[in-house]
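**Student:** Got a structure for you, questions after.
The values are calculated or read from the model by the stated rules, or taken from the named source; none is laboratory data. The model shown is predicted, which means the values in this text are computed figures rather than measured ones. Quick reminder, even Gly has a Cβ in these numbers, built from the backbone with ideal geometry, and neighbours come from all protein chains shown. To get the accessible areas, we keep the full protein, side chains included, count just its heavy atoms, and leave off ligands, DNA and RNA. Shrake-Rupley method; radii C 1.70, N 1.55, O 1.52, S 1.80 Å.
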Amino acid sequence: MQSLFSLKGKVALITGASRGLGQGMAVGLAEAGATVIGAGMSDMTETRTQIEAVGGFFHEIKVDLSVQGAASQLIDDALPITGQIDILVNNAGIIRRAEAENYQDEDWYDVINVNQHAVFQLCREVGKHMIENGSGRIINIASMLSFQGGLRVPAYTASKHAVVGLTKSLANEWSGKGVNVNAIAPGYFETDNTAPIRGNAERYASITSRIPQGRWGTPADLKGAVVFLASDAANYVNGHILCVDGGWMSS
C-alpha cells in the first residue's frame, strides 16, 4: 500500500511555491519522494530549507506568469533540469478585490491572465510532454469560489470557475493517453490571500462559524490531497475536484 503513494523517482513542477499553499504542497510532494521544481516570483529560501530538511531535492525557477510567453519559457527552463516533468501543480494565482460596479478592467485582465490563461498554457505545454511519455499528473488549484460567487472578487471567481471547466475538459481528452487531470478546491486557509478577510474580526468569526471542522485550514492540510492525486493511488481518478475545506461545502 505504501508504494501506491510513493513519488520516488518523480519530478513535480509547482507554481507559486514560495509560501502558503504552494509551499505546503511542495513540501508534501518532497516528503513523498518527489524532486520538486518550484516556480514563482518571490524568494523560495524557506521552501528550499523545509524540503532539504526532509531529505528532498529542490530546484528554483524565477518566473512572472503575468508576462506573455512566460509559461512556455518556464517549461523550456524546467525540462533540462531533470529531463522530465511527471507532476504539474498549477497553484500560482492572484486576487484583486473591489465592488463589481467599480471593478477595473486592468484588474480583471490581470487576474484572468494569471489564474486562467497561464494555467491553460502550462497544462498545454506540460501536457504535450506527458502525452509523449504516456503518463503524467496535472493538479490544478481551484477554490470554493469555483462553486460559489464570493464578495468583491468577480475576476477571481470567474477564473476559478474556469479552472474547474478546464480540468474536466482536459481530463476528457487526456485520460486515455495516460495523463490524469484533477483539481483541489481549498476552503478557507490561513494564507496571504485571506489576510484581509482574517483582519476583519466580524467576518472572520462568521466564516469560522460556518466551517463544520471549526477552524481554518493550514498549508500542511493540503499535503495528503496533493500526494494522493499525484500518486498511483489515484490511477483511476480523473476530472475530479477534491474539496479540502473542513466540511464547508456540506454545510
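**Student:** Return the ratio Rg/(2.2 N^0.38 Å) for the stretch 156-206, where Rg is computed over Cα atoms only.
**Tutor:** It is 1.64.
**Student:** Within the stretch 36-131, which chymotrypsin sites (Phe, Trp or Tyr not before Pro) sit in a loop by DSSP and count at most 16 neighbouring Cβ atoms inside 10 Å?
**Tutor:** Phe57
**Student:** Semi-axes of the equivalent ellipsoid of the chain: what are they in whole Å, largest first, if each equals the square root of 5 times a C-alpha gyration tensor eigenvalue?
**Tutor:** Its equivalent ellipsoid spans semi-axes of 27, 20, 18 Å.
**Student:** Let me ask something else about it. Calculate the FRET efficiency for Tyr109 and His240 from the Cβ-Cβ distance with a Förster distance of 25 Å, rounded to the nearest 0.05.
**Tutor:** 0.25
**Student:** Near the amide H of Gly136, under 5 Å away, which other amide H atoms are found, from residues 5 or more places off or on another chain, if H is placed in the peptide plane?
**Tutor:** Distant-sequence amide H within range of Gly136: Asn180.
**Student:** If you don't mind, there's one more thing I want to ask. Once R0 is set to 30 Å, what does the formula 1/(1 + (r/R0)^6) return for the Cβ-Cβ distance between Met41 and Met1, expressed as a FRET efficiency to the nearest 0.05?
**Tutor:** It comes to 0.20.
**Student:** Quick check: Cα centre of the stretch 160-234 to Cα centre of the stretch 23-48, how many Å?
**Tutor:** 17 Å
**Student:** With a 10 Å radius around each residue's Cβ, average the other Cβ atoms per peptide and rank 147-156, 30-39, 226-235, 209-218, highest first.
**Tutor:** In descending order of packing, they fall as 30-39, 226-235, 147-156, 209-218.
**Student:** Filter the GluC sites (Glu not before Pro) in the stretch 75-165 down to the DSSP loop ones having no more than 16 other Cβ atoms within 10 Å, then list what survives.
**Tutor:** Qualifying residues, ordered by number: Glu99.
**Student:** Going by amide H atoms built from the backbone, whose H comes under 5 Å of the H on Leu151, apart from near neighbours?
**Tutor:** none
**Student:** For the stretch 72-166, give the percent of accessible area contributed by carbon and sulfur heavy atoms, probe 1.4 Å, rounded to a whole number.
**Tutor:** 48 percent
**Student:** Continuing with the same structure: How would Val237, Val67, Val179 line up by accessible area, probe 1.4 Å, largest first?
**Tutor:** Largest accessible area first, the list is Val67, Val237, Val179.
**Student:** Tell me, what is the per residue accessible area of the chain in Å², probe radius 1.4 Å?
**Tutor:** 46 Å²
**Student:** Could you work out the relative contact order of the chain? I mean the mean sequence separation of Cα pairs under 8 Å and 6+ apart, divided by the number of residues, in percent.
**Tutor:** So the answer I get is 21 percent.
**Student:** Same structure, new question: Check Ala185: other-chain or 5+ apart residues with amide H under 5 Å from its amide H, H built from backbone geometry?
**Tutor:** When sequence neighbours closer than 5 places are left aside, the close amide H contacts are Ala142, Leu242, Cys243, Val244.
**Student:** I'd like the Karplus ³J(HN,Hα) series for the stretch 197-207: coefficients 6.51, -1.76, 1.60, θ = phi - 60°, whole numbers in Hz, and an x wherever there's a Gly or Pro.
**Tutor:** So the Karplus estimates, Gly and Pro as x, are 5, 5, x, 9, 4, 5, 5, 4, 5, 5, 5 Hz.
**Student:** Mind listing the phi-derived Karplus ³J(HN,Hα) values for the stretch 225-241, rounded to whole Hz, using 6.51, -1.76 and 1.60 with θ = phi - 60°, and x for any glycine or proline?
**Tutor:** Taking θ as phi minus 60°, the curve returns 5, 5, 5, 4, 5, 7, 9, 5, 5, 9, 4, 10, 10, 8, x, 9, 10 Hz for the stretch 225-241.
**Student:** Please list, by residue number, everything in the stretch 208-251 whose backbone N is under 13 Å from a paramagnetic label point 7 Å out along Cα→Cβ of Lys168.
**Tutor:** The answer is 239-242.
**Student:** Through the Karplus equation 6.51 cos²θ - 1.76 cosθ + 1.60, θ set to phi - 60°, convert the phi angles of the stretch 162-170 into ³J(HN,Hα) values in whole Hz; use x for Gly and Pro.
**Tutor:** 5, 4, 5, x, 5, 4, 5, 4, 5
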